[in-house]
């Protein structure tokens with residue numbers, strides 16, 4: 001699923017931090033088709049947009065993370081918090097000349113100040129700057145309401161919406177995907193997160209249970225980053241996915257030298 005290629009090495013100093021587990025609850029994926037050149041401007045070399053159905057893609061992923069903790073500890077020792085991440089589908093060609101595909105986070109926020117400090121302190125792999133926000137999610141019957149209000153120090157990520165979580169029979173009108181299976185490989189089966197720093201691409205791999213997600217219908221939705229922010233006029237909401245629960249586990253961090261880097 002995520003092979004270790006010649007030249008890759010583990011980052012042992014972060015082993016205890018990257019071998020963690022959690023459960024995503026009430027997870028959302030807002031799937032945006034984005035103009036290729038607009039996304040390319042947000043990516044560090046050697047990453048480039050991975051195109052599917054003629055477009056680049058950014059998924060706004062939001063969930064309640066429950067009992068996050070190092071593997072081996074009981075759930076009561078973990079953290080519960082909300083997180084929203086803007087994951088771009090990307091790829092890069094490694095030193096062996098092979099393409100490796102994964103995700104790059106162009107923006108992320110959490111409502112937990114400690115998790116934010118930990119994420120931003122790990123300078124050995126700088127995936128992104130972790131922003132702070134007030135975040136809520138609330139369910140009433142089939143209606144799931146959510147809101148993200150960023151701190152003044154991290155503007156541009158206001159996100160509010162209401163979803164009808166009753167599964168749709170298929171993709172919504174206007175979606176480029178013909179079925180849930182069609183987007184499964186491009187957008188769901190994405191297990192590597194990339195960071196770029198100091199001449200290396202860092203690879204954080206996730207092991208998880210199947211994403212039993214379903215298409216759902218937004219009743220109301222506003223995403224500042226896409227509609228009025230960094231990708232204003234460059235992105236179109238294609239579809240929304242929802243899943244109730246999925247366990248996650250992180251593997252030890254790996255890295256490989258960027259081709260041509262000193």
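No lab work stands behind these numbers, since they all come straight from the coordinates. Bear in mind the structure is a predicted one, so any value in this text is a computation, not a measurement. Glycine gets a Cβ as well: all are built from the backbone with ideal geometry, and neighbour counts include every protein chain shown.
Here the label points at residue 93 and residue 219, each 7 Å from Cα along the C-beta direction, are separated by 5.0 nm in the simple model. Size of the range 105-231 from its Cα atoms: along the principal axes, largest to smallest, the extents are 46, 33, 28 Å.
Modelled label positions at residue 141 and residue 80, each set 7 Å beyond Cα in the direction of Cβ, lie 2.6 nm from each other. Exposure proxy for 192, 142: other Cβ atoms within 10 Å of each Cβ, ordered fewest to most, give 142, 192. Residue exposure proxy: 114, 61, 39, ordered by other Cβ atoms within 10 angstrom of their Cβ from fewest to most, comes out as 114, 61, 39. Look at 184, 52, 98 and count the other Cβ atoms within 10 Å of each Cβ; fewest to most, that gives 98, 184, 52. Expressed to the nearest 5 percent, the antiparallel share of DSSP beta bridges inside the range 9-257 is 95 percent. Distance from the alpha carbon centroid of the range 132-197 to that of the range 86-113 works out to 17 angstrom.
If you wrap a convex hull around the Cα atoms of the chain, how much volume per residue is inside, in Å³?
Per-residue hull volume (Cα only) is 131 Å³.
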